[in-house]
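> Take this structure first; my questions come after.
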Amino acid sequence: MKKCILITGASSGFGEACARRFAAAGDDLVLCARRLHRLKELQASLSSHCRVHIQPLDVTDRQAVEDFLPALPDSFQGIDVLVNNAGLALGMEPAYEVDINDWETMVDTNIKGLMRITRQILPGMVERRRGHIVNIGSVAGNWPYPGGNAYGASKAFVKQFSRGLRADLLGTPLRVTNIEPGLAETEFSLVRMKGDASKAGDVYTGTHPLSAEDIAEIVFWVTSLPTHVNINALEVMPVCQAWNPLAIDRTLGNEL
Ligand code: NDP
Ligand code: 8X3
């Protein structure tokens, strides 16, 4: 049965790939991001497959998020699947050198933006007794690494918030899933390295990372399972990625 899919951050990477995947299934799409020209291009390429509504939206703008749902055309109001994908990492500096503005932008986008959209969409899903929220977390929410500080913490929030939603929604048919990708090649690293294409490229050198299409297939799969099945969390890494041993410093000597 055809669904109505709302994807935040649909202008590139996972969000765009999810749009293409759901479009291939003929679902209705509501696509948001800040870059309207990207959304327009995507809409043009998908509109022969399905109905597509695009909406410029900055998820850090609380008023814009509150105005978002009422402004949707009636035929797109019944959101069945919310893919909470808009997000970013900024910088790799250690916590004692980081630009506090970067931390705040990550919190405003990855935490507050995701909460605001969820709060807008969830009441309608509960009322219609139909819906699936798919949050895009990260391995960074499970495993700390140097320079991951606030980004990892924001994704740990997404993990626990997803569990909390499930707890609140027990007794309804609604589903909640947290997808936790590892290394994936999108515009993510270009954004994190603030436009430095060389540094962003280095992140993937010699690897075979996940693709945006890999993640889109997983998002599509979790939403296509029988309606009594809830994937709570799904951590996915490329084969070339795993854990390091715990780090041990051998330089401090007598200073401690
Ligand atoms: P991209 O940079 O390719 O895509 C990020 C998307 O988020 C863009 O469409 C961007 O659109 C949107 N976005 C960013 N800020 C805002 C905002 N304030 N309001 C609305 N939209 C916004 O990266 P990915 O596709 O990789 O990232 C998607 C999600 O996946 C993020 O949450 C990221 O943290 C997560 N992730 C990424 C991994 C990776 O290695 N790539 C691994 C694990 C998780 P626009 O700029 O047009 O607003
Ligand atoms: C993105 C994955 O490992 O760069 O969420 O933090 S990682």
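> Would you please name the residue that is nearest to ligand 1 (Cβ to nearest atom), looking only at residues in region 207-228 that are free of Cβ contacts under 8 Å to residues at least 24 places away in the same chain and not in a helix (DSSP H, G or I)?
Leu225
> While we're looking at this one, here's another question. If you go through region 182-191 one residue at a time, do you hit one that is of a type in the set (Phe, Trp, Tyr), at pLDDT 95 or above, within 16 Å of ligand 2 (Cβ to nearest atom) and over 17 Å from Gly91 (Cα atoms)?
Filtering region 182-191 down to residues of a type in the set (Phe, Trp, Tyr) leaves 188.
The next check asks that each one be at pLDDT 95 or above; those that pass are 188.
Add one more test, that the residue is within 16 Å of ligand 2 (Cβ to nearest atom), and what stays is 188.
Applying the additional criterion that residues be over 17 Å from Gly91 (Cα atoms) yields none.
Looking for residues that are of a type in the set (Phe, Trp, Tyr), at pLDDT 95 or above, within 16 Å of ligand 2 (Cβ to nearest atom) and over 17 Å from Gly91 (Cα atoms), one finds none in region 182-191, hence no.
> Mind listing whichever residues of region 131-172 are in contact with an Asp or Glu (Cβ under 6 Å, 6 or more places away or on another chain) and either at pLDDT below 95 or of a type in the set (Lys, Arg) (or both)?
Matches in region 131-172: none.
> On to the next question. Only residues in region 162-178 that are more than 13 Å from Val222 (Cα to Cα) count as the first member; pair them with residues that are at pLDDT 95 or above and surrounded by fewer than 18 Cβ atoms within 10 Å (Cβ to Cβ), Cβ under 6 angstrom, at least 6 apart or cross-chain, and list the lot.
Thr172/Val126; Pro173/Arg129
> So, one more: Return yes when Thr105 is assigned to a loop (DSSP other than H, G, I, E, B), surrounded by 14 or more Cβ atoms within 10 Å (Cβ to Cβ), of a type in the set (Ser, Thr, Tyr) and within 10 Å of ligand 1 (Cβ to nearest atom) and no when it is not.
Details: assigned to a loop (DSSP other than H, G, I, E, B): no; surrounded by 14 or more Cβ atoms within 10 Å (Cβ to Cβ): yes; of a type in the set (Ser, Thr, Tyr): yes; within 10 Å of ligand 1 (Cβ to nearest atom): yes.
For Thr105, the condition - assigned to a loop (DSSP other than H, G, I, E, B), surrounded by 14 or more Cβ atoms within 10 Å (Cβ to Cβ), of a type in the set (Ser, Thr, Tyr) and within 10 Å of ligand 1 (Cβ to nearest atom) - is not met.
> Something else: Being over 21 Å from Ile215 (Cα atoms), touching a Cys at 6+ places or on another chain (Cβ under 9 Å) and of a type in the set (S, T, N, Q) narrows it down to one of Ser48, Ser75, so name that one.
Values: Ser48 fails: touching a Cys at 6+ places or on another chain (Cβ under 9 Å).
Checking each option against the conditions leaves just Ser75.
> For Val65, state whether it is closer than 20 Å to Asn135 by Cα and in contact with a Phe, Trp or Tyr (Cβ under 7 Å, 6 or more places away or on another chain). It would help to see each step written out before you state the result.
Working: closer than 20 Å to Asn135 by Cα: yes; in contact with a Phe, Trp or Tyr (Cβ under 7 Å, 6 or more places away or on another chain): no.
No.
> Next up: Filter region 213-240 down to residues that are farther than 30 Å from Arg129 by Cα and surrounded by 15 or more Cβ atoms within 10 Å (Cβ to Cβ) and give me whichever is nearest to the chain's Cα centre (by Cα). First the steps, then the outcome.
Residues of region 213-240 that are farther than 30 Å from Arg129 by Cα, as a first pass: 237-240.
From what is left, the residues that are surrounded by 15 or more Cβ atoms within 10 Å (Cβ to Cβ) are 237-238.
Working: Met237: 15, Pro238: 18 Å.
So, considering only residues that are farther than 30 Å from Arg129 by Cα and surrounded by 15 or more Cβ atoms within 10 Å (Cβ to Cβ), the one nearest to the chain's Cα centre (by Cα) is Met237.
> Can I ask one more? Which ranges mark the helices (runs of 4 or more DSSP H) fully within region 4-72 that have 2 or more residues being acidic (Asp, Glu) and either within 26 Å of Lys112 (Cβ to Cβ) or more than 15 Å from ligand 1 (Cβ to nearest atom) (or both)?
62-71
> Could you check Glu97 against (1) surrounded by fewer than 18 Cβ atoms within 10 Å (Cβ to Cβ); (2) of a type in the set (D, E, K, R); (3) part of a helix (DSSP H, G or I) and say which number it fails?
(3)
> Still on this structure, I have one more. Quick one: in region 115-156, of everything that is of a type in the set (Lys, Arg) and part of a loop (DSSP other than H, G, I, E, B), which residue is surrounded by the most Cβ atoms within 10 Å (Cβ to Cβ)?
Going residue by residue through region 115-156, those that are of a type in the set (Lys, Arg) are 116, 119, 128-130, 155.
Okay, now just the ones that are also part of a loop (DSSP other than H, G, I, E, B), so 129-130.
Details: Arg129: 9, Arg130: 18.
Step by step, filter region 115-156, then rank; the result is Arg130.
> From the list Thr105, Thr118, which one is modelled with pLDDT of 95 or more, within 16 Å of ligand 2 (Cβ to nearest atom) and not aromatic (Phe, Trp, Tyr)? Break it down stepwise before answering.
Working: Thr118 fails: within 16 Å of ligand 2 (Cβ to nearest atom).
Answer to the check: Thr105.
> Residue by residue through region 157-196, note down the ones that are part of a helix (DSSP H, G or I), among the aliphatic types (A, V, I, L, M), surrounded by 14 or more Cβ atoms within 10 Å (Cβ to Cβ) and more than 12 Å from ligand 1 (Cβ to nearest atom). First the steps, then the outcome.
Of region 157-196, the ones part of a helix (DSSP H, G or I) are 157-169, 188-192.
Retained after the next criterion (residues that are among the aliphatic types (A, V, I, L, M)): 158, 165, 167, 169, 190-191.
With surrounded by 14 or more Cβ atoms within 10 Å (Cβ to Cβ) added as a condition, the list becomes 158, 165, 169, 190-191.
If the condition is that a residue be part of a helix (DSSP H, G or I), among the aliphatic types (A, V, I, L, M), surrounded by 14 or more Cβ atoms within 10 Å (Cβ to Cβ) and more than 12 Å from ligand 1 (Cβ to nearest atom), then Leu165, Leu169 are the ones that fit.
> Moving on to the next point. Using the structure shown, decide if Leu82 is part of a helix (DSSP H, G or I), surrounded by 18 or more Cβ atoms within 10 Å (Cβ to Cβ) and in contact (Cβ under 8 Å) with a residue 12 or more places away in the chain. Even if it seems obvious, please write down each step before you answer.
Working: part of a helix (DSSP H, G or I): no; surrounded by 18 or more Cβ atoms within 10 Å (Cβ to Cβ): yes; in contact (Cβ under 8 Å) with a residue 12 or more places away in the chain: yes.
It is false that Leu82 is part of a helix (DSSP H, G or I), surrounded by 18 or more Cβ atoms within 10 Å (Cβ to Cβ) and in contact (Cβ under 8 Å) with a residue 12 or more places away in the chain.
The values are calculated or read from the model by the stated rules, or taken from the named source; none is laboratory data. Predicted, not measured: the structure shown is a model, and the values here were computed from it. Every residue, glycine as well, gets a Cβ built from its backbone with ideal geometry; the counts of neighbours run over all protein chains shown.
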